[in-house]
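Read-outs throughout are calculated quantities, based only on the coordinates presented, and are distinct from any laboratory measurement. Keep in mind that this is a model prediction, so the values were computed, not measured. Please note: Cβ atoms are built from the backbone with ideal geometry, for glycine as well, and neighbour counts cover all protein chains shown.
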């Protein structure tokens, strides 16, 4: 099979199977050779910020010379992005080779009457087999949805677990309150394994209760654990008191305020793994060098794309841009999928960001919401210009015209939209 045929097969999986139990996933992994054995796993769950936390941890581990694999989701443009070997996306050739092996294992399982793995489970199996073959010492795993029942939770012995910001998303699966969702995320906590998390009032109790039952050491990051010192055009400087130095300043190549807390989670998780570490300069350099696509990423002068695709992410987005938007001509290019609470997302955007124009476009996916519905919601919350253009190319050109030479354009609402704009602008 060639790459296109392989991707088509994987993308068709949801048509003939559904999610399986963790016992099934463990059996799947066992048949792949128990790839967890002998490797150090860092497991990350949460609503927003998971990918960024993974990227910061990966950067430090690689700078320390550690062989590191990373499994993330979703991808923005190419499915290969989900499986990274020492910081590089798996090659097409290796992807096909691993697919063929995993599919053979799955075929044998089906002959014995076992269900086919789901889309996410299949890719997780591919990733773990890849990491075993490449003899990765460290493996960073990002959950798909939730935590307790997520396929990645089939791993039994992580060395640290991390829970990022928790907000309302995937409520049809995870629950209707922050507390219920936090309980699902806390399902990744393992006995006696440190858990690093944000001290958010609504989610803390659920996490600490689970950790207490399992005697898992809690590393809670309070709101005063760090302080943003300076925001420049492309950077944020923040300070923290570390285990190794009374006062440390970190620089992030990103203007998203929320990235400071993501970096803090990564730093504290790594401190739990390397309690005797002294080379702060190496860590600082590694974290400063991180460029995480689609997260407050400036792709052209004055043009940012951000993967904010739920209410919590939009709320953190507006904290990062509202000051600049109030001083400069600002345009927002927006789209969303049907199953998100985009009404609350739109309300937050219109009330908190003083944009001069809103351009609405359509995501090239069956879940994409109709632009007429999205535009109608925007018009309920703003008196500024709202324009709907189904074709992304036309919408982007229109947004650029509205932005002008010295204005700002923010593109957000969906990771699908971010990937489409990356491809449109030839970024990757």
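I'd like the FRET efficiency for residue 390 and residue 273, computed as 1/(1 + (r/R0)^6) with the beta carbon distance as r and R0 of 56 Å, rounded to 0.05. Let's see the in-between values first.
Details: r = 48 Å, r/R0 = 0.86.
According to the calculation, E is roughly 0.70.
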Antiparallel DSSP beta bridges within the chain, percent to nearest 5: 35 percent
DSSP beta bridges in segment 320-398: the antiparallel percent, rounded to 5, is 10 percent
Can you tell me the length gained on complete extension of the stretch residue 343 to residue 93, counting 0.36 nm per residue apart and subtracting the Cα distance? 85.7 nm
Please report the equivalent ellipsoid semi-axes of segment 374-428, computed as sqrt(5 x eigenvalue) of the Cα gyration tensor, largest first, in whole Å. 21, 15, 10
Candidates (i) 21.4, 65; (ii) 24.5, 109; (iii) 47.4, 145; which is the computed Rg and Dmax of the Cα atoms in Å? (i)
Starting from 0.36 nm per residue, how many nanometres of slack lie between residue 365 and residue 397 once their C-alpha separation is accounted for? 9.4 nm
Taking a label point 7 Å from the Cα of residue 253 along Cα-to-Cβ, the residues of segment 293-308 whose backbone nitrogen sits under 12 Å from it are 293, 298
quick note, segment 128-263, DSSP beta bridge pairs, % antiparallel (nearest 5) is 60 percent
Each label sits 7 Å from Cα toward the beta-carbon; between residue 114 and residue 232 the label points are separated, in nm, by 5.3 nm
Inter-part distance where segment 252-292 and segment 53-86 are each reduced to a Cα centre, Å: 14 Å
Full extension from residue 135 to residue 15: what is 0.36 nm times the residue separation minus their Cα-Cα distance, to one decimal in nm? 39.9 nm
Here FRET efficiency (C-beta to C-beta, residue 27 to residue 424, R₀ 60 Å, nearest 0.05) is 0.90
Between residue 351 and residue 78, the two model label points (7 Å from Cα along the beta-carbon direction) sit apart by a distance in nm of 4.3 nm
Modelled label reach - residue 202, point 7 Å along Cα→Cβ, segment 46-80 residues with backbone N closer than 15 Å: 46-48
Where in segment 255-275 is the amide nitrogen less than 20 Å from a point lying 7 Å along the Cα-to-Cβ axis of residue 323? 255-264
Placing each pseudo-label 7 Å from Cα in the direction of the beta carbon, residue 2 and residue 220 end up separated by a distance in nanometres of 5.7 nm
Sequence of 333, 374, 174 once ranked by neighbouring C-beta atoms within 10 Å, starting from the fewest: 174, 374, 333
